[in-house]
């Protein structure tokens, strides 16, 4: 199995997270919450071995400060170099930083394979409006891009931002050739693939990851989403260390998914997105 959504941090950040709260409002918002967890690559390797995960797509956090995202990206690069058979790494940073295109170029040259999870958690500004140059680079280098999305209704929680489905859809229309992964079921955008005109074509290169699903949706979303958007469009992502993969596997089985459908969600689709198979 491939887990497409895993966050890892260097030990110095895991052990001294408070040091980063002052200059990083997004990080403070998410990780000052009691009980919030941070994981090193050793933690992730243990999780993978315990849950039968053969490969994980790993990334850090969308830091605003240059030194912080470079430190986290360096750790991702080192992790991939140490365990190329277990990890695929993505570059991550805040899109509000003016040096992100230089950082993306550096990370790709060092062996990372994509970009994300890109997000902006503590501002009302729509970060999707600042993505043009990065998306052009991603298309030129054939990189998948993982974007944070959240549902526009329902309960509030740290990191849930004002994000309308029209904002997400408008972003996808601007970049129809990019391979884009929308985290957290795309905020529910997949439902509109049932429309007869335009939407199916707009979503042609778009995938939906399942991160945080047990916290957000009933277990039958697995079956319903597969029937609506197609089981070849869903990527299993645990959002570890937020949740263990075992929670997701239990829900897939409870939803009545077949062995083939689970195989596509937990491995085959990810292999295609990552270019591991043609």
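Values in this text are rule-based calculations from the coordinates and carry no lab data. Everything numeric here is computed off the predicted structure, so don't read it as measured data. As a convention, Cβ positions derive from the backbone with ideal geometry for all residues, glycine included, and neighbour counts pool all protein chains shown.
The residues of region 53-71 that are surrounded by 15 or more Cβ atoms within 10 Å (Cβ to Cβ) and farther than 16 Å from residue 241 by Cα, listed by number, are 62, 63, 64, 65, 66, 68, 69, 70, 71.
Which ones in region 161-177 are in a loop (DSSP other than H, G, I, E, B) and without any contact (Cβ under 8 Å) to a residue 40 or more places away in the chain? Explain how you work it out, then say what you get.
Here is the first cut: in region 161-177, the residues in a loop (DSSP other than H, G, I, E, B) are 161-164, 175-177.
162, 163, 164, 176, 177, listed by residue number.
Which of the following residues is part of a loop (DSSP other than H, G, I, E, B) and either without any contact (Cβ under 8 Å) to a residue 24 or more places away in the chain or on the phi > 0 side of the Ramachandran plot (or both): 22, 38? Give the steps one after another, and end with the answer.
Working: 38 fails: either without any contact (Cβ under 8 Å) to a residue 24 or more places away in the chain or on the phi > 0 side of the Ramachandran plot (or both).
Result: 22 is the single residue among 22, 38 that is part of a loop (DSSP other than H, G, I, E, B) and either without any contact (Cβ under 8 Å) to a residue 24 or more places away in the chain or on the phi > 0 side of the Ramachandran plot (or both).
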